[in-house]
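As C-alpha cells, the structure follows; a few thoughts come after it.
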Amino acid sequence: MNKKMIPSMDEWLKEAKAHESAEKIGMYLTHNGIVRKSAKAKVRFGEENTKNVTGMQFSYDQEKVDAVIHFAGLKAVGESVAKPLMYYQNNLISTLNLIELMEKYGCNNLVFSSSATVYGDPISVPIYETFDLKVTNPYGRTKLMLEDILRDYAKVNEGKNIALLRYFNPIGAHPSGLIGEDPNGIPNNLVPYITQTAIGKRKALGVFGNDYDTIDGTGVRDYVHVCDLAYGHVLALDKLFSDCGLVVYNLGTGNGYSVLQVHAAMEKACGFPIPYEIKERRPGDIATCYASCEKAYKELGFEAKYDIDAMCRDAWNWQKNNPNGFKK
Ligand code: UFG
C-alpha cells in the first residue's frame, strides 16, 4: 500500500455513492484478483500465499511498500475448535512470516485485522478498548496471540506503527453488487444464512436461542457495513503515517441489533417474508456484544455511515445478483 493511494473521506463516500446507482466503476478486488471495469485505478495484483515466504519476497522486490494491511486468516469459530492446529499454523505462521518480511524490507507500518472476539464475554456493554482480553476458542486465541506478539514487537522496536483493528460484525456488500460474501459450504454467520434462505438455497433460518436477556430474547450484535469497515482501514493508515506507534481501535457502529431485528430488516430489503425457526442456543454464544466507537471517532474520525437497512439492502443486492456467489 502506497501513501499516495489514500483517498479523503469525501472522495471515498462520493465513490461509494456513485456505485449505488451507476456504472462508474474504477476497480474491484474479488476473492481471487482484480476485476477492472475502467482504467481509473492502477493497482498491481500479485497472488502469494503468506505461508510461502519466497513468493512474498518476490512481490516485495517489485516496488517500495509503505504499509501493509493484513486481512488474511481463517475465521470460523466452530472449525477452529475442531481443527486447532490448522488455525495456529495458518494464522500465526503466516503473520510471523509477514512481519519478518516487512522487517527485511524496512516497512514499518501495519494494519492488522483483529476481532471483538478478543473480549470474550464482556462484563458490560458498550465494550471499550480498555476492557480485559480473554478468549474462548482457538480462532479467538490466534487473534489475541497475534495482538500480543505485535505488542511485544512494537515495544522493543522503535518506529514501528501498528493498528490493531477489532472488528465487530461486518456484514453487507459493496453497493455495486460486484463484491460480496461467498462463504464455503453452509454459512456460519447470520447474514449470509438469511440471504441464502431468501434466495432459496436454505429452507429456513435457524435462530439460535430466544431466551437471552435482550430486547426480544435473541442475540444482539454490532453489525457494521463492510464499506464503513474498509474506510476505517484507510483512516488507520493515515494514523500510521503520523508515527503513532501501536494503537488499538474498535470498529463497529456502537448500536446493537437482535437476530430478529436483522431478520426483519432483511425482509424489508427483499420485499418478501423469509422463513425462520427458533432453535437451541449455539454453544459459546453470548447475549449481547456492541462496541464503544468513541476512541475511533476521536482519534481517527471514524463514524459508520451505513445503517442496518443499507447493510441488508447491499447484502441482498449481492445475493440476488450472485445466487451462486463468485461461481457463475
Ligand atoms: N445466529 C443465528 N443463526 C445463524 C447464525 C447466527 O441465530 O444461523 C445468531 C448468533 O447466535 C448470534 C448472531 O446471530 O446471536 C450473530 O452470529 P454470527 O455467527 O453472525 O456472528 P458472531 O457474533 O457469533 O461472530 C462474529 C464473527 C466472529 C467474531 C465475532 C466477534 O463471526 O469471527 O463476531 O464478536 F469473532
Exercise. So is N137 of a type outside the set (S, T, Y), crowded, with 21+ Cβ neighbours inside 10 Å and closer than 28 Å to P283 by Cβ or not?
Worked result: no
For this session: Output yes when any residue across region 270-278 is out of contact with any helix residue (DSSP H, G or I) (no Cβ under 7 Å at 6 or more places or on another chain), away from the ligand (no atom under 15 Å from the Cβ) and farther than 18 Å from F208 by Cα, and no when none is.
Result: yes
Exercise. If you check L144, L133, L150, L98, which single one turns out to be at pLDDT below 95 and under 25 Å from L235 (Cα atoms)?
Worked result: L98
Problem set entry | K104 vs. criteria of a type in the set (K, R) and either modelled with pLDDT of 95 or more or under 21 Å from N250 (Cα atoms) (or both) | no
Seminar exercise, completed: Those residues of region 54-111 which are among the hydrophobic types (A, V, I, L, M, F, W, C) and touching a strand residue (DSSP E or B) at 6+ places or on another chain (Cβ under 7 Å) amount to A67, V68, I69, F71, L98, M102, C107, L110, V111
Problem set entry | Residues of region 43-78 classified as in contact (Cβ under 8 Å) with a residue 12 or more places away in the chain and of a type in the set (D, E), total | 3
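Yes/no matrix, rows are residues, columns are (1) farther than 21 Å from E267 by Cβ; (2) within 14 Å of the ligand (Cβ to nearest atom):
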| site | (1), (2) |
| --- | --- |
| K160 | yes, no |
| Y167 | yes, yes |
| G185 | yes, yes |
| V191 | no, yes |
Seminar exercise, completed: Just one listed residue, out of T130, T136, is assigned to a loop (DSSP other than H, G, I, E, B) and within 12 Å of the ligand (Cβ to nearest atom), and it is T136
Exercise. Taking region 233-257 as the region of interest, how many residues are within 15 Å of the ligand (Cβ to nearest atom) and surrounded by 21 or more Cβ atoms within 10 Å (Cβ to Cβ)?
Worked result: 7
Exercise. What residue, among those in region 202-227 that are of a type in the set (D, E, K, R) and crowded, with 16+ Cβ neighbours inside 10 Å, is nearest to the ligand (Cβ to nearest atom)?
Worked result: R221
For this session: Grab the strands (runs of 3 or more DSSP E) fully contained in region 210-317, keeping just those with 3 or more residues being in contact (Cβ under 8 Å) with a residue 24 or more places away in the chain and under 22 Å from the mean Cα position of the chain (by Cα).
Result: 223-225, 246-251
Seminar exercise, completed: Within region 153-199, the residues that are under 14 Å from the mean Cα position of the chain (by Cα) and part of a loop (DSSP other than H, G, I, E, B) are F168, G172, A173, H174, I179, G180, E181, D182, P183, N189
For this session: Mind listing whichever residues of region 47-61 are more than 25 Å from the chain's Cα centre (by Cα) and either at pLDDT 70 or above or open to solvent by less than 30 Å² (accessible area, probe 1.4 Å) (or both)?
Result: T54, G55, Q57, D61
Problem set entry | V125 vs. criteria more than 10 Å from the ligand (Cβ to nearest atom), assigned to a loop (DSSP other than H, G, I, E, B) and either open to solvent by 20 Å² or more (accessible area, probe 1.4 Å) or of a type in the set (S, T, Y) (or both) | yes
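The values are calculated or read from the model by the stated rules, or taken from the named source; none is laboratory data. These figures come from a predicted structure and were not determined experimentally. Note that each Cβ is placed from the backbone with ideal geometry, even for glycine, and that neighbours are counted across all protein chains shown. Surface accessibility is based on the protein's heavy atoms, side chains included, excluding ligands, DNA and RNA. Shrake-Rupley method; radii C 1.70, N 1.55, O 1.52, S 1.80 Å.
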